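Data block below; observations after.
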Amino acid sequence: MLTIDQETDENKERLKEFTDKIKHKFDASSTILIKITTLFNPHHLIDIDQEDSEFVEKYNKLISDESIKQVEEVTSDSYDPYLRMEISLPRGGDTTPIAAHVKRRATTTNDQPIGTAHANPLIDTRQYEVEFVDGYSEALSVNILAENLIAQVDQEGLKHQLT
């Protein structure tokens with residue numbers, strides 16, 4: 001339903017200009033798509049049946065390399081927020097915190113990760129290999145990392161240096 005304002009010649013002209021601009025935009029985008037599709041050359045597609053056996057072997061190795069470990073399911077151990085963390089920690093028996101980097105999960109002699117992740121931090125038993133700036137490495141429990149991390153963050157969530 002048109003209002004009296006819309007029926008004036010001035011508003012009719014403005015509506016026509018607006019409609020023309022919209023049509024131009026839609027026409028412009030469709031011409032861009034037409035240009036892109038004309039640049040596509042079907043001869044650039046690879047037909048595996050037409051390629052030599054050496055190429056096919058390399059192609060298949062890249063697509064399904066058996067040496068790449070497949071992740072079956074995302075678990076709490078699949079994404080670990082402690083890995084690659086930089087934090088200030090006390091080293092050995094010293095109480096003065098120094099900069100350290102969480103390198104990886106600590107493992108047994110059979111390369112099995114030590115501990116199990118748990119939503120309750122009191123039950124979480126994971127251990128991590130931590131490397132200090134001087135090159136010294138130490139295995140620390142997740143509880144020690146979490147405790148020191150919390151000590152370095154204020155109420156707004158901003159990290160500050162311990163003195």
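Annotations
- Under 5 Å between amide hydrogens, built in the peptide plane, is the criterion, and for Arg105 it picks out Glu129 among residues at least 5 positions away or on other chains.
- Computed from point charges on the beta carbon alone (+1 for Lys and Arg, -1 for Asp and Glu), the dipole magnitude for the stretch 86-151 about its Cα centre is near 160 Debye.
- Remark on Ile98: its backbone amide H falls under 5 Å from those of Leu89, Arg91, a criterion applied only to residues 5 or more positions apart or on other chains, H modelled at 1.01 Å from N.
All of the numbers you see were taken from the coordinates with simple rules; none came from a lab. Everything quoted here is computed from the prediction, not taken from an experiment. All Cβ positions, glycine included, derive from the backbone under ideal geometry; neighbour counts span all protein chains shown.
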